[in-house]
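Step one of this worksheet: look at the structure below.
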């Protein structure tokens with residue numbers, strides 16, 4: 001008889017209220033171990049709590065909506081959105097849910113933050129069956145006790161006030177380029193419905209929500225402007241982000257989550273975005289959206305954010321301080337080139353500018369008329385999507401959701417940038433994806449990106465890559 | 001629960017012959033619970049303690065692909081100046097190989113098969 005089975009006899013005699021407990025932890029092995037152990041403890045009790053598990057906060061929020069658990073037990077150290085951010089969100093969105101922290105670490109700092117975030121219990125991850133039993137009994141007691149729902153923690157900061165250094169230190173989460181931004185966010189009447197709006201909720205300080213007619217005010221001291229823009233993009237909002245910093249100030253116009261225009265004192269368009277995203281310290285205000293006089297940005301927002309990150313990384317690598325002149329000069333050269341040259345020529349010029357090399361020779365482009373008898377017909381594949389640099393779909397067929405596939409292409413693009421940053425391997429040529437029942441290929445050629453998928457049969461990689469190389473696919477662009 | 005480092009080291013040791021290939025510069029293994037070790041050519045194996053190390057970031061690609069209904073077991077990233085091969089097995093983790101050149105198809109298939117065998121056989 002295992003330890004759990006022995007303890008299970010005791011549990012069977014206890015009064016258990018049927019409810020749902022959600023465990024959130026990025027350690028999948030721990031989660032499955034936990035589920036198995038609690039299952040043993042509960043045995044076949046008819047009112048045993050249902051154990052729901054989630055590996056990340058985004059999934060957890062969807063599960064909360066669907067399953068309405070009575071207790072959420074979360075780890076603290078998790079990628080993307082950490083446990084305390086999640087707890088703050090829970091306090092706002094689901095104040096009735098009891099919150100418990102189950103973490104591998106224990107310190108007075110964590111205890112303080114747990115208390116501050118309305119955590120009912122704080123446990124260290126169990127190493128023995130006895131410890132697991134103690135946690136289980138505690139959770140049962142918590143579940144039964146209606147008084148145990150702790151109120152949403154009071155946030156001591158008032159609008160526009162700055163936290164004390166001790167408070168700042170207690171709340172600090174290390175970020176590579178953390179800055180402190182103070183600002184106001186416009187009223188958000190929309191209810192939470194998808195993981196994409198999670199971050200939007202997380203960063204919004206919940207201060208004076210009830211009696212502040214113009215929205216929320218507060219301090220965001222753990223994110224930079226680039227991350228703030230990403231959150232606005234994720235939430236598909238239309239708004240004007242007004243940013244002012246030590247070196248510059250300007251506005252970024254977002255329409256349905258896409259950057260369409262930006263301006264600073266002396267820059268307009270993409271170069272203005274890069275300048276604003278590079279500000280190290282300052283203030284922002286999110287104003288209601290009014291269309292700009294002119295639309296100056298046509299590149300996808302994802303591309304702009306990646307490019308901005310690349311430029312910032314370059315600067316860090318050079319160990320130089322932010323050199324506004326160099327950045328704006330480079331980006332304005334790119335912008336000028338873009339306005340006057342064709343798309344293909346622009347990319348080559350852009351690369352040349354990056355490498356500080358000028359390309360003056362004429363550029364020959366492959367015209368669709370060069371298609372030969374060896375051309376590859378993409379219609380033979382299950383799913384195909386071809387995107388231009390500006391994010392426009394050039395060609396698609398197959399039963400796919402284009403928006404999802406575009407997201408995937410942007411993600412792969414981002415990963416390939418990380419590979420280059422780490423290993424200096426240059427730009428992505430192609431990615432082969434091989435599964436049990438599928439093969440996929442994402443290939444980049446000039447400005448265009450192709451994603452092809454075959455399920456239940458192999459993808460003719462060799463022929464496809466050969467055709468892409470020679471611009472021989474039967475579409476307008478390849 | 002067995003020490004996760006033990007499995008990682010076993011797999012990395014089994015992968016170490018790859019480093020004899022002049023094209024291969026680095027090997028790595030990221031276990032299911034995200035313990036990551038790597039080994040560069042002519043160097044000893046080392047743990048990667050930073051949460052945002054590149055091999056862990058690349059291992060995450062599999063879970064994102066799964067969300068996009070593209071559950072996969074092998075990825076080959078071909079860049080201008082090299083390749084990264086990733087081979088994954090449920091319950092074990094992800095083997096990673098960095099090559100400085102683009103590896104020929106037959107050799108690539110052999111490497112992928114060897115990685116799969118290592119993941120299958122290691123306990």
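Values for this structure:
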{"read-out": "Contour minus Cα-Cα distance for residue A:144 and residue A:66 (0.36 nm per residue)", "value": "25.9 nm"}
{"read-out": "Sorted largest first, extent of segment B:4-121 alpha carbons per principal axis (Å)", "value": "33, 31, 28"}
{"read-out": "Estimated inter-spin distance, residue A:256 and residue B:10, nm [label 7 Å along Cα→Cβ]", "value": "5.4 nm"}
{"read-out": "Least to most buried among A:27, B:117 (fewest other Cβ within 10 Å first)", "value": "B:117, A:27"}
{"read-out": "Theoretical ellipticity at 222 nm over chain B - DSSP helices of four or more residues, -39500 (n - 2.57) apiece, nearest 500", "value": "-11500 deg cm²/dmol"}
{"read-out": "Two-site FRET efficiency, residue A:401 against residue A:310, from Cβ-Cβ distance with R₀ of 35 Å, rounded to 0.05", "value": "0.75"}
{"read-out": "10 Å binning of all Cα-Cα separations within segment A:388-463, expressed as whole percents from 0 upward", "value": "16, 50, 30, 4"}
{"read-out": "Test item: A:430-439 mean partner chain Cβ contacts at 10 Å", "value": "6"}
{"read-out": "Per-residue mean of C-beta atoms belonging to partner chains within 10 Å, peptide A:249-260", "value": "0"}
{"read-out": "Label zone at residue A:33, where the point sits 7 Å out along the Cα-to-Cβ direction: segment B:10-42 residues whose backbone N lies under 18 Å", "value": "B:31-36"}
{"read-out": "Shielding score for B:80-87, defined as the mean number of other chain Cβ atoms within 10 Å", "value": "4"}
{"read-out": "Order of A:414, A:284 - criterion: other Cβ atoms within 10 Å of each residue's Cβ, fewest first", "value": "A:414, A:284"}
{"read-out": "For segment A:221-273, alpha-carbon Rg over 2.2 N^0.38 Å", "value": "1.09"}
{"read-out": "Taking A:251, A:462 and counting other C-beta atoms within 10 Å, the order from fewest to most", "value": "A:462, A:251"}
{"read-out": "Residue A:106/residue B:123 FRET efficiency (R0 45 Å; Cβ-Cβ; nearest 0.05)", "value": "0.85"}
{"read-out": "Pairwise label distance in nanometres, residue A:289 with residue B:20, each label 7 Å out on the Cα-Cβ vector", "value": "6.1 nm"}
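Bear in mind these aren't lab numbers, they're just calculated from the coordinates by the rules spelled out. All figures in this text were calculated on a predicted structure; none of them were measured in a lab. Because the Cβ atoms are built from the backbone with ideal geometry, glycine has one as well, and the counts that use them run over all protein chains shown.
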